[in-house]
Amino acid sequence: MKYKRILLKLSGESLMGDKQYGIDNEVVKQYAEDIKAVHAEGLEIAIVIGGGNIFRGLSAEKSGMDRAQADYMGMLATVINSMALQDALEKVGLKTRLLTAIKMEQICEPFIRRRAVRHLEKGRVVIFGAGTGNPYFTTDSAAALRAIEIKADVVLKGTRVDGIYTADPEKDKTATKYSEISFKEVYAKGLNVMDMTAFTLCEENELPIIVFDMNKTGNFMKIANGEEIGTLVR
């Protein structure tokens with residue numbers, strides 16, 4: 001395996017599958033099987049999931065809701081997604097721990113960095129919920145922050161597209177994919193990889209990012225094996 005410890009970032013929208021909102025159990029099951037296969041090779045896996053399939057703070061703000069209140073609601077949505085993935089992972093035989101930035105003692109542990117690292121060392125899949133615990137920060141920022149805190153080797157951003165393109169491939173058929181690109185090039189070209197806070201955190205801490213299609217079975221394993229899948233930012 002190319003990596004020892006990875007942070008997998010999943011978007012909330014990816015959990016919808018073909019639905020308009022909510023959670024598609026078949027997608028979650030596929031993710032669980034892919035994660036199990038990679039974990040079986042000895043990798044330590046931490047996961048951050050967005051909440052956009054349930055609630056988006058930015059969208060609520062545009063409709064008149066207080067931004068901080070809306071962001072906290074979005075954090076709770078990420079916990080719902082985290083619990084769904086935790087259930088799926090445990091159904092395929094993995095030991096998991098859900099740690100959240102907002103205390104919810106009845107359903108999860110509070111985030112403590114040393115505890116999170118210890119869980120990983122013991123072979124448990126660790127899921128980080130509730131973002132950073134602060135409004136005005138996205139789950140991309142939470143993923144970058146947690147990856148740095150646990151000293152992950154790489155951030156794997158699983159999306160519905162197979163990498164970073166010169167333009168949106170769903171809208172522009174002439175868009176071409178980058179196999180590798182530098183942080184500075186992403187800035188210069190104005191490409192949308194992560195929000196600026198998350199992206200800057202990764203750059204400053206020399207933490208590479210790989211953007212790939214998580215919905216294609218086997219891609220996660222290919223990346224873990226060092227195959228050139230998706231787009232590498234470093």
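The values are calculated or read from the model by the stated rules, or taken from the named source; none is laboratory data. Fair warning: this is a prediction, and the values are worked out from it, not measured in the lab. All Cβ positions, glycine included, derive from the backbone under ideal geometry; neighbour counts span all protein chains shown. We work out accessible area using only protein heavy atoms, side chains counted, and drop any ligands, DNA or RNA first. Shrake-Rupley method; radii C 1.70, N 1.55, O 1.52, S 1.80 Å.
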### Task
Being among the aliphatic types (A, V, I, L, M) and in contact with a Leu (Cβ under 7 Å, 6 or more places away or on another chain) is the filter here, so list the residues in segment 155-208 that pass it.
Val155, Leu156, Ile164, Leu201
### Query
Where in segment 1-115 are there strands (runs of 3 or more DSSP E), lying wholly inside it, with at least 1 residues that are in contact with a helix residue (DSSP H, G or I) (Cβ under 7 Å, 6 or more places away or on another chain) and surrounded by fewer than 19 Cβ atoms within 10 Å (Cβ to Cβ)?
5-10
### Task
Search segment 119-138 for residues being touching a Phe, Trp or Tyr at 6+ places or on another chain (Cβ under 9 Å) and of a type outside the set (Gly, Ala, Ser), and hand back the single one that is most open to solvent (accessible area, probe 1.4 Å).
Pro135
### Query
Between a first residue in segment 113-134 that is farther than 18 Å from Val155 by Cβ and modelled with pLDDT of 95 or more and a second residue that is of a type in the set (Lys, Arg) and part of a strand (DSSP E or B), which pairs have beta carbons less than 9 Å apart while being 6 or more apart in sequence or on different chains?
Arg115/Arg97; His119/Arg97; Arg124/Arg97
## Note on the structure
Log entry, pairs with first residue in segment 48-59 being under 10 Å from Leu15 (Cα atoms), second being open to solvent by less than 20 Å² (accessible area, probe 1.4 Å) and among the β-branched types (Val, Ile, Thr), beta carbons closer than 6 Å, six or more apart or on different chains, reads Ile49/Thr78; Gly51/Thr78
### Task
Those residues that are in contact with a Phe, Trp or Tyr (Cβ under 9 Å, 6 or more places away or on another chain) and polar (S, T, N, Q), I need them from segment 11-34; list them, please.
Ser14
### Message
If I filter segment 27-47 for residues that are small (Gly, Ala, Ser), under 17 Å from the mean Cα position of the chain (by Cα), modelled with pLDDT under 95 and closer than 26 Å to Tyr136 by Cβ, do I get at least one hit?
### Response
no
